[in-house]
Amino acid sequence: MDSTFRLPEYLPPDFGDPIFQQAPDAVLQPAPRDGVAPEHYHATTIFPEYFKVGGRWLLAEESRMDSVAVLREDRIAVAEFRNLKAGELVFTGRRENCEDGIYVHTSGFSAAQQQAETFAFRTGRSRETAYSRDYDFLYQLLEHERKHGHIVWVLGPACAFDYDSRLAFQRLVEHGYVHALLAGNALATHDLEAAYLGTALGQDIYTQQGQPAGHYNHIDTINQVRLCGSIPAFLQQERIDNGILYACNQLGVPFVLTGSIRDDGPLPEVYADVYAGQNAMREQVSRATTVICMATALHTIATGNMTPSYRVVNGVVRPTYFYSVDISEFAVNKLRDRGSLSVTTIVANVQDFVVNLWRGVQNK
């Protein structure tokens, strides 16, 4: 097996083709007020999109789904509706094949495909899918991205419930395979509970034995962190020397914790303002070249909605790799149903997944 990793080459549109040459310039209309787009605004997708301005086709280099394209200083910016300012020039038009001076390029990374069989078994991805090749590709991808990309992980609390998976993810952080972590209050709480009291929701993280009055453990942990004033202060004062957040803090890996309506506490670093949390998430996602989401349906969908299928790095268009891992087929398929068509889904126990991933990259 060839272990050399190569990014696929991006094939831009042929702008010499008559359909591009004869297309009109895109129409711009001012936003009527803050946070409001003009009528017939163009909504962006996950794909590379080009807009004809002054006879030139310009790429929106940093995009996201369900937003609007704005002309800012001769470049195409993509903004959420809430971030529009009155008077900003917004691209309008809902035809995407040059008719309105807008072109959505869906096949930039499409390699030559053999003609598919008219009738074939197991063409989807489910619990019956063979994932050996996915793991082998991920080992190569993570090794490449560790040095040349920005790997963002999105974790649900199940990733901290098991001794081996928690340690495996700590090792991934320590060896440079994690450049940012997105999660909620629960993942951080149970990771810190494991470090502080050796439990997750009161169960020993190795033996799974419930501890006396164990249902207090996670809120005792939150309370102690709040007393210390911050997660880094808690790690220092309680002499914590293990875990996911410990490793992130030691190595300066940013973590973004966004809250939900049911949070306990929450921990001091958790964003209570949902839009402030979304801004902090997007700051990391806007740099991501690979995103791996594990066992958190809502955070996965949120991240998927702000992650385009491409990234422009040093002037070169490259793919953004996006994985959704969950033991529930429903959970991984829900993201694809929401429009994140470039996602690769893996139906697996996330604790086994992260342990296998760490063992695999160790052997590369």
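Worth a mention:
- For region 249-254, 3J(HN,Hα) computed residue by residue from phi via the Karplus equation (6.51, -1.76, 1.60; θ = phi - 60°) reads 5, 4, 9, x, 7, x Hz, glycine and proline entered as x.
- A straight line joining the Cα centroids of region 1-73 and region 280-347 runs 20 Å.
- For the chain, alpha-carbon Rg relative to the globular expectation (2.2 N^0.38 Å, N residues): 1.09
- Calculated FRET efficiency, N314 to E128, Cβ-Cβ distance, R0 = 45 Å: about 0.65 to the nearest 0.05.
- In sequence order, region 129-138 has phi-based couplings of 5, 7, 10, 4, 5, 4, 5, 4, 5, 4 Hz under the Karplus curve 6.51 cos²θ - 1.76 cosθ + 1.60, θ = phi - 60°, and Gly or Pro positions carry x.
- Note, ³J(HN,Hα) from phi for region 72-80, Karplus 6.51, -1.76, 1.60, rounded to Hz, x at Gly and Pro: 10, 6, 6, 9, 8, 9, 10, 10, 5
- Bins of 5 Å, starting at 0 and running to the largest distance - Cα pair percent for region 48-204: 2, 7, 10, 11, 11, 11, 13, 13, 11, 7, 4, 1, 0
- For K85, the lysines whose Cα comes closer than 23 Å to its Cα, not counting residues fewer than 8 places off in the same chain, are K52.
- Cβ-Cβ FRET estimate between Q209 and N349, R0 fixed at 22 Å, reported to 0.05: 0.60
- Each Lys or Arg adds one and each Asp or Glu takes one away; over the other residues whose Cβ falls under 9 Å from the Cβ of E329, this sums to +1.
- Mean projected area (nm²) of the alpha-carbon convex hull when region 233-364 is viewed from all directions: 10.2
- Ligands, DNA and RNA left out, the 1.4 Å accessible surface of the chain is 47% carbon and sulfur atoms.
- For region 1-116: rounded, prolate or oblate by the Cα gyration tensor [a/c cutoff 1.5]: prolate
- With protein chains left intact and a 1.4 Å probe, residues in the chain average 50 Å² of accessible area per residue.
- Summarising the amide proton neighbourhood of G184: residues at separation of 5 or more, or on other chains, whose placed amide H is nearer than 5 Å comprise T258.
The values are calculated or read from the model by the stated rules, or taken from the named source; none is laboratory data. As the structure is a prediction and not an experimental result, all values here were calculated from the model. Note that each Cβ is placed from the backbone with ideal geometry, even for glycine, and that neighbours are counted across all protein chains shown. Keep in mind that these areas ignore ligands, DNA and RNA; they rest on the heavy atoms of the full protein, side chains included. Shrake-Rupley method; radii C 1.70, N 1.55, O 1.52, S 1.80 Å.
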